[in-house]
Amino acid sequence: MKEYHSKTINLREGTPEEKRKELLDYFEKTWETDEKLYTQLKSDDIFYNQGDPLRHVLLFYFGHTAVFYINKLFLAKIINSRVNYEFESIFAIGVDEMSWDDLNEKHYNWPSVADVRKYRNEVKKRITNIILNSPLMLPIEPDNPFWIIMMGIEHERIHIETSSVLIRQLPLNEVIPGKFGEICKSFGVAPQNEFLTVSGSEVKMGKPQNHPLYGWDNEYGYYVEKVENFKTTKYLVSNGEFLEFVNDNGYNTKTFWNEEGWNWCRYKDAQMPFFWRKNGNDYRLRLIAEEISMPWNWPVEVNQLEAKAFCNWKTAKEGKTFRLLTESEWYRLAEHCQIPDMPEWKNAPGNINLEHYASPCPVDIFESKGFYDVIGNVWQWTETPITGFVGFKVHPMYDDFSTPTFDGKHNLIKGGSWISTGNEATHHSRYAFRRHFYQHAGFRIVESETALLIHTDEYETDAEVAISCETNWGDLYSGKPNFHVQLANLIATKLKGYEIYNVLDLNAATGRLAFELSIYFDHITAIDFSARYIRMPIQLQDKGFMRYIVKNEGKLVLYREIVLAETGLEKNIEKIQFMQDNANNLKPIYFGYDLIIAPNLLEKMIDPVLFLETIHKRLNHKGFLVIASTYDWEGNALNIEHWPGGFKQDGEPFTSLDGLKNLLQKNFSLITDPENLQLEIPQSSRISELRLSEITIWQKK
């Protein structure tokens, strides 16, 4: 596997030219490994198959890793032109089984594999050119253009692993073994597991801002926890050890499962781990591209619900308290075993980083201070739902990498697997999945009578999201006029008597306008660029409440709770569908609307002129377009060639309204006089920013 692995890069040391060569080598190896993964598909036809019904076809992921570079570089204004406008829409957004994910494959007109390969080649050339020719200064920090290149590389490495799980779920006759490294050939009887003690200590978590390695936003900040002494297993739980649970009718005994786990178990009619195969008394194990006789001494691979059921079964059998590791206990275990982090390796101290095998291996090979597989082999499920550490801040170029998972439904996995590379293989990495998802993940057990401490943030602490919440919903506390309420009322009044069924809200934010529109219209699709924002109104739909924290004064804060039943807006929630997409590059499926609303959206767009020139295509005949805008083109550092107006033309003032009329007159008629509504954006309970938003209503000719 040596040809596939490489270490993530120190971004603070060395000369610019040395770093440029390192970056290019890291990029090329990542790209090559990504493409090598798909050589395991028997033919190009297989690209159009889904490894998992809750995921896109495999072609999406083949295109997505290339599109990601272009979309992020374009967003960061490092490049000013796209490679393929259509590809950079359909391959933009993956799925995590969130309600804003578009899982309907009928909505996607997938291109040919040959065209995607051609696109990938064009992207590779462009990224190579950026790496070789863009000015490079050290250190490379989050506001450095080369941070975006690293973001693309580390993102691609994540998908190497997650796509390998999807390929592992394809039928055997659709894959070719032996194309992606050599699997481990060591099989045997499972070793007898035992519990060893780890002494307690204060554990400090969170990556320092000046850390030399690339990090995702959820890694930064700080959190301190006092970990008590605990016992945990010497080995990861093996296939052989887990067989005892299977043979004891574990999958059919409700008392071993929590409610979520039992519901999943019955829905799937699960009888054994997903990658196990059984023919009579003969068990086999499905790997990425082949099946082998069951290696009982390899780690079992299960989801978090199965791992918890095993712990509950063992608790019932032995009368002791067994559970999974917490995140802080994993850090304490790694510290106890003195596991070096990636930059300090000469050779990986575990089956990780593609340095040893293209598969798991026996649980008793990689030892550290008496424990085995503290890192590597398979990920280790934890008890800990992911949330941000104190000081968590999103990166503006990937603002929804983490926050959509801060919902209490995504549990952390720690330690990495055999195919975890780059950032994934570092100590600070923090990845989380839904508890019923499969990755290359298993678990080890903790024996402890200490009460389980789970760190969660029930209140939204993301400052930008909280400001949006207060802008949308703060009138429920202050009693001040609300822009979104007034806008919905204005639209309903001006368009009274017209037949309007399908409505598109193109700047949903935290959802107030969509909820208010549901009073008047039958179906509202509410889109926002960022899942950070729309997960809040989705929580209102699902749970009936949301909570957030706003600044009061000085170091004081206010805790807000919005209860939907107290707003009078709970009656029509089934009318609203929240989705994530880019209004400046919408998927083709968003068409056929009677009313499209762009509330304070134009000034946030990269190219509002393009939007205004093309939005008529998504409206029905005689449909309506409502634009609300502050015309603050400079506030978003928008290139002046994309301004609709707000400048002198031929020596005379050319207002933004003039620009709207000029751009829309071919396809629309302005049917009402412009009106201004006051938009208040609170920065704290005592400081607000006041803006005037001009409302214009247009009818398609």
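Can you tell me which residue within region 645-671, out of those that are of a type in the set (A, V, I, L, M, F, W, C) and under 29 Å from ASN489 (Cβ atoms), is surrounded by the fewest Cβ atoms within 10 Å (Cβ to Cβ)?
ILE671
Of these, PHE433, PHE392, which one is part of a loop (DSSP other than H, G, I, E, B) and either more than 20 Å from the chain's Cα centre (by Cα) or not assigned by TED's automatic domain parsing to the domain that holds ASN582 (or both)?
PHE392
In region 336-382, which residues are more than 28 Å from GLU228 (Cα to Cα) and not in a loop (DSSP other than H, G, I, E, B)?
Within region 336-382, PRO343, GLU344 meet the criteria.
Just checking, which of SER684, SER669, SER693 is within 34 Å of the chain's Cα centre (by Cα) and in a strand (DSSP E or B)?
From the options SER684, SER669, SER693, the qualifying one is SER693.
So ALA583 passes all but one of these: (1) surrounded by 19 or more Cβ atoms within 10 Å (Cβ to Cβ); (2) farther than 27 Å from ARG691 by Cβ. Which condition number does it fail?
All conditions pass for ALA583, except number (2).
Within region 262-323, which strands (runs of 3 or more DSSP E) (wholly inside it) include 3 or more residues that are touching a helix residue (DSSP H, G or I) at 6+ places or on another chain (Cβ under 9 Å) and at pLDDT 95 or above?
282-286
For residues that are touching an Asp or Glu at 6+ places or on another chain (Cβ under 7 Å) and modelled with pLDDT of 95 or more, scanning just region 440-468, find the one that is farthest from LEU670 (Cα to Cα).
VAL446
Given PHE437, PHE406, PHE389, which one is buried (at least 22 other Cβ atoms within 10 Å of the Cβ) and of a type in the set (A, V, I, L, M, F, W, C)?
Values: PHE437 fails: buried (at least 22 other Cβ atoms within 10 Å of the Cβ); PHE389 fails: buried (at least 22 other Cβ atoms within 10 Å of the Cβ).
Sole residue among the options that is buried (at least 22 other Cβ atoms within 10 Å of the Cβ) and of a type in the set (A, V, I, L, M, F, W, C): PHE406.
Scan region 10-62 for residues that are modelled with pLDDT of 95 or more and aliphatic (A, V, I, L, M) and jot them down.
Of everything in region 10-62, those that are modelled with pLDDT of 95 or more and aliphatic (A, V, I, L, M) turn out to be LEU11, LEU23, LEU24, LEU37, LEU41, ILE46, LEU58, LEU59.
Based on this model, can you work out whether GLU22 counts as under 15 Å from LEU354 (Cβ atoms) and surrounded by fewer than 19 Cβ atoms within 10 Å (Cβ to Cβ)? Outline the logic, then answer.
Numbers: under 15 Å from LEU354 (Cβ atoms): no; surrounded by fewer than 19 Cβ atoms within 10 Å (Cβ to Cβ): yes.
Considered against the rule, which asks whether it is under 15 Å from LEU354 (Cβ atoms) and surrounded by fewer than 19 Cβ atoms within 10 Å (Cβ to Cβ), GLU22 comes out as no.
If we scan region 226-244, do we find a residue that is in the same structural domain as PHE366 (by TED's automatic domain parsing), touching a Ser or Thr at 6+ places or on another chain (Cβ under 6 Å) and not in a strand (DSSP E or B)?
Yes, that holds for at least one residue.
Report whether or not GLY181 is in a loop (DSSP other than H, G, I, E, B), in contact (Cβ under 8 Å) with a residue 60 or more places away in the chain, in the same structural domain as HIS395 (by TED's automatic domain parsing) and under 23 Å from THR65 (Cβ atoms).
No, not satisfied.
Name the residue, out of GLU652, GLU689, GLU694, GLU641, that is of a type in the set (Asp, Glu) and modelled with pLDDT of 95 or more.
Just one listed residue meets the conditions, GLU694.
Would region 37-52 turn up any residue that is of a type in the set (A, V, I, L, M, F, W, C), assigned to a loop (DSSP other than H, G, I, E, B) and surrounded by fewer than 20 Cβ atoms within 10 Å (Cβ to Cβ)?
The answer is no, given that none of the residues of region 37-52 is of a type in the set (A, V, I, L, M, F, W, C), assigned to a loop (DSSP other than H, G, I, E, B) and surrounded by fewer than 20 Cβ atoms within 10 Å (Cβ to Cβ).
Within region 672-681, can you find the residues that are surrounded by 12 or more Cβ atoms within 10 Å (Cβ to Cβ), assigned to a loop (DSSP other than H, G, I, E, B) and either of a type outside the set (Val, Ile, Thr) or outside the structural domain of VAL485 (by TED's automatic domain parsing) (or both)?
If the condition is that a residue be surrounded by 12 or more Cβ atoms within 10 Å (Cβ to Cβ), assigned to a loop (DSSP other than H, G, I, E, B) and either of a type outside the set (Val, Ile, Thr) or outside the structural domain of VAL485 (by TED's automatic domain parsing) (or both), then PRO674 is the only one that fits.
Here are some residues: PHE545, PHE624. Which one is under 27 Å from the mean Cα position of the chain (by Cα) and aromatic (Phe, Trp, Tyr)?
Values: PHE624 fails: under 27 Å from the mean Cα position of the chain (by Cα).
Of the residues listed, the single one that is under 27 Å from the mean Cα position of the chain (by Cα) and aromatic (Phe, Trp, Tyr) is PHE545.
The values are calculated or read from the model by the stated rules, or taken from the named source; none is laboratory data. Treat the numbers as computed from the prediction; the structure is a model and nothing was measured. Heads up, the Cβs are rebuilt from the backbone with ideal geometry, glycines too, and the neighbour counts pull from every protein chain shown.
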